[in-house]
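Worksheet: one structure, shown below.
The values are calculated or read from the model by the stated rules, or taken from the named source; none is laboratory data. Every value quoted in this text rests on a predicted model; they were computed, and no experiment measured them. Here the Cβ positions follow ideal geometry from the backbone for every residue, glycine too, while neighbour counts run over all protein chains shown.
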Amino acid sequence: MKCEKCTDQISSEDAYEHGGKTLCEDCYMDAVATPKTCDPWAVYSAKKTMSQDLTLTPKQQRLFDLIKTNGPLTLEQICAQLDITEEEFRTNFATLRHMELARGCKLEGQVCYTLFDDQSS
Ligand SMILES: [Zn+2]
């Protein structure tokens with residue numbers, strides 16, 4: 001017989017019943033040990049829905065666009081180019097960071113800010 005989840009061949013003494021399905025020991029353990037709330041897919045789609053619902057303020061959008069075109073940039077560069085204070089930057093950057101759009105990084109010992117999925121730094 002086969003595990004209905006991973007389709008591994010299993011003998012009937014290694015088969016487990018879970019939710020009306022025949023599972024191998026590994027899949028059974030996964031199924032019983034993972035609470036519904038920890039389902040990675042559920043978390044992923046919740047996150048996705050959340051970031052789609054959130055819209056950036058004009059300031060956050062400008063900050064994001066600047067990092068996107070010119071990043072990684074230092075705090076001084078960002079504040080100078082957007083003409084904002086350090087505090088304004090921190091408040092707006094915190095939102096971008098929270099939405100996983102941007103992040104901090106270290107470049108030659110300096111703290112810089114770049115896109116969340118920037119692979120180069
Ligand atoms: Zn299995």
Legend entry - Residue that is modelled with the highest pLDDT [pool: residues in segment 1-34 that are small (Gly, Ala, Ser) and assigned to a helix (DSSP H, G or I)]: Ser12
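Go through the residues of segment 36-59 one by one and say whether even a single one is of a type in the set (D, E, K, R) and at pLDDT 90 or above.
yes
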Inset, instruction - Write out, first by first residue and then by second, each pair whose Cβ atoms fall under 7 Å of each other, whose residues are 6+ apart or on separate chains, and whose first residue, in segment 1-26, is surrounded by 15 or more Cβ atoms within 10 Å (Cβ to Cβ) while the second is hydroxyl-bearing (Ser, Thr, Tyr). - result: Cys3/Thr22; Glu4/Thr22; Ala15/Thr22; Tyr16/Tyr28; His18/Tyr28; Leu23/Tyr16
Inset, instruction - Kindly provide the set of residues from segment 86-121 that are free of Cβ contacts under 8 Å to residues at least 24 places away in the same chain and closer than 15 Å to Gln60 by Cβ, ordered by number. - result: Glu87, Arg90, Thr91, Ala94, Arg97, His98, Arg103, Phe116
